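The values are calculated or read from the model by the stated rules, or taken from the named source; none is laboratory data. Model, not experiment: these values are computed from the prediction. Reconstructed Cβ throughout: ideal geometry from the backbone, glycine too, with neighbour counts over all protein chains shown. These area figures cover heavy atoms from the full protein model, side chains too; ligands, DNA and RNA do not enter into them. Shrake-Rupley method; radii C 1.70, N 1.55, O 1.52, S 1.80 Å.
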Amino acid sequence: MAKSNMSLAYEQVYRDRLAETKNMITLATLLDALDQGVAGGLTYQDVMSKAYEEAHNANPKGVPTSLPDVTLVSSVIRSNVKIMIYNIIEFSVTSLFQAIYDRLEDENCSYVDVSEELRALWHHTRMRKLSDPSASNETAERTSKGLLDEVIANTTVHITARQTMSGGNLDGKEILKLFDNHGISVHTTGSGYREDELKDIKDRRNALAHGSISFADAGNQVTTSELAELITRVDSFLMQLRSDVMSYLDSGEYKAGGSVAGEA
């Protein structure tokens, strides 16, 4: 298979999650349309009343509330879409970095074999234990000796995405910073990258996860049309990240003395 046609292991899962998110946007759009009334006078109340009756007959314990308010349901769905979009972003970025680390292990790259950026990342992950208040001089000595021993023995570099990323903190600035730390220049022009949107996605996700804003309130602040446009831009940006990582791997920029990453 030609390098330009190579795929990464996460891609099918990515497509599935993207489809799930788009389906949720469509569902919210349909609920809004029913609430406004569609051809033939069919309304949300008509459809849901019948559905509620059938559901209650089939499983009385499965309908703990009265007929759900359409505005509330649609708002909750829109809020969940923001969370789903954030999860897609974090999953994609994590998977792309892990693809790099897997390549290092597949090729048995040691410290001297990898780029200065990856050496710094490896060193940082191994020294992190020294930030523990309980770390002693003996801990520092053991850690330093372990690092030297691995370098001298040409031990394969081992890094994981969990070590280099902090969950729940990915906005536009953080993503570009992480890629720069790996020696990868992201081509943001024309990619759908919007720093303000990515920050809002992260902030909304965290606010909802921590309970500082209700799902109803968060969902009321965005329309389904805006969500549809947002997921299109996010998808475009994530595909650009994939493209830049593939170029980075294909050109061997992860190796010591590798070619220089292109300008964004």
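Restricting attention to segment 11-52, the residues that are surrounded by 12 or more Cβ atoms within 10 Å (Cβ to Cβ) and of a type in the set (Lys, Arg) total 2.
Pairs meeting the criteria (first residue in segment 109-126 and among the small types (Gly, Ala, Ser), second residue part of a helix (DSSP H, G or I) and open to solvent by less than 20 Å² (accessible area, probe 1.4 Å), beta carbons under 8 Å, at least 6 apart or on different chains) are lacking. Among the residues of segment 252-261, those that are in contact with a Gly (Cβ under 8 Å, 6 or more places away or on another chain) and either at pLDDT below 95 or crowded, with 19+ Cβ neighbours inside 10 Å (or both) comprise GLU253, TYR254, GLY258, SER259, ALA261.
Determine if segment 4-22 includes at least one residue that is part of a helix (DSSP H, G or I) and at pLDDT below 85. Checking segment 4-22: at least one residue is part of a helix (DSSP H, G or I) and at pLDDT below 85.
Among all residue pairs at least 6 apart or on different chains, which show Cβ distances below 9 Å where the first residue, located in segment 235-254, is in a helix (DSSP H, G or I) and the second is of a type in the set (A, V, I, L, M, F, W, C) and surrounded by fewer than 15 Cβ atoms within 10 Å (Cβ to Cβ)? Between residues of segment 235-254 that are in a helix (DSSP H, G or I) and residues that are of a type in the set (A, V, I, L, M, F, W, C) and surrounded by fewer than 15 Cβ atoms within 10 Å (Cβ to Cβ), the close pairs are MET246/MET6; LEU249/MET6; ASP250/MET6. Residue selection: VAL76 fails the criterion of being surrounded by fewer than 19 Cβ atoms within 10 Å (Cβ to Cβ), at pLDDT below 90 and touching a helix residue (DSSP H, G or I) at 6+ places or on another chain (Cβ under 6 Å). Comparison of ASP180, ASP235, ASP200 shows that the only residue that is closer than 14 Å to ILE89 by Cα, touching an Asp or Glu at 6+ places or on another chain (Cβ under 9 Å) and among the acidic types (Asp, Glu) is ASP200.
Residue-wise test of (1) open to solvent by less than 50 Å² (accessible area, probe 1.4 Å); (2) of a type in the set (Val, Ile, Thr); (3) touching a Cys at 6+ places or on another chain (Cβ under 6 Å); (4) modelled with pLDDT of 90 or more.
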site	(1), (2), (3), (4)
ASN181	no, no, no, yes
GLY192	yes, no, no, yes
ASP196	no, no, no, yes
ILE201	yes, yes, no, yes
ALA207	yes, no, no, yes
THR224	yes, yes, no, yes
LEU227	yes, no, no, yes
VAL234	yes, yes, no, yes
VAL245	yes, yes, no, yes
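Within segment 181-234, being in a loop (DSSP other than H, G, I, E, B), in contact with a Phe, Trp or Tyr (Cβ under 9 Å, 6 or more places away or on another chain) and polar (S, T, N, Q) holds for SER185, THR188, SER191.
Within segment 139-161, the set of residues being more than 34 Å from the chain's Cα centre (by Cα), modelled with pLDDT of 90 or more and either closer than 13 Å to ARG119 by Cβ or assigned to a helix (DSSP H, G or I) (or both) comprises just one member, ILE152.
ILE159 falls short on exactly one of the conditions (1) open to solvent by less than 30 Å² (accessible area, probe 1.4 Å); (2) under 30 Å from ILE77 (Cα atoms), and that condition is (2).
Please verify whether segment 74-95 includes one or more residues that are touching a residue at least 40 places away in the same chain (Cβ under 8 Å), at negative phi, among the acidic types (Asp, Glu) and part of a helix (DSSP H, G or I). Yes: one or more hits. Screening ASN169 with (1) closer than 22 Å to TYR14 by Cα; (2) buried (at least 17 other Cβ atoms within 10 Å of the Cβ) gives one miss only, at (2). One residue alone among ALA228, ALA216, ALA153, ALA207 is of a type in the set (A, V, I, L, M) and closer than 30 Å to GLU107 by Cα, and that residue is ALA153.
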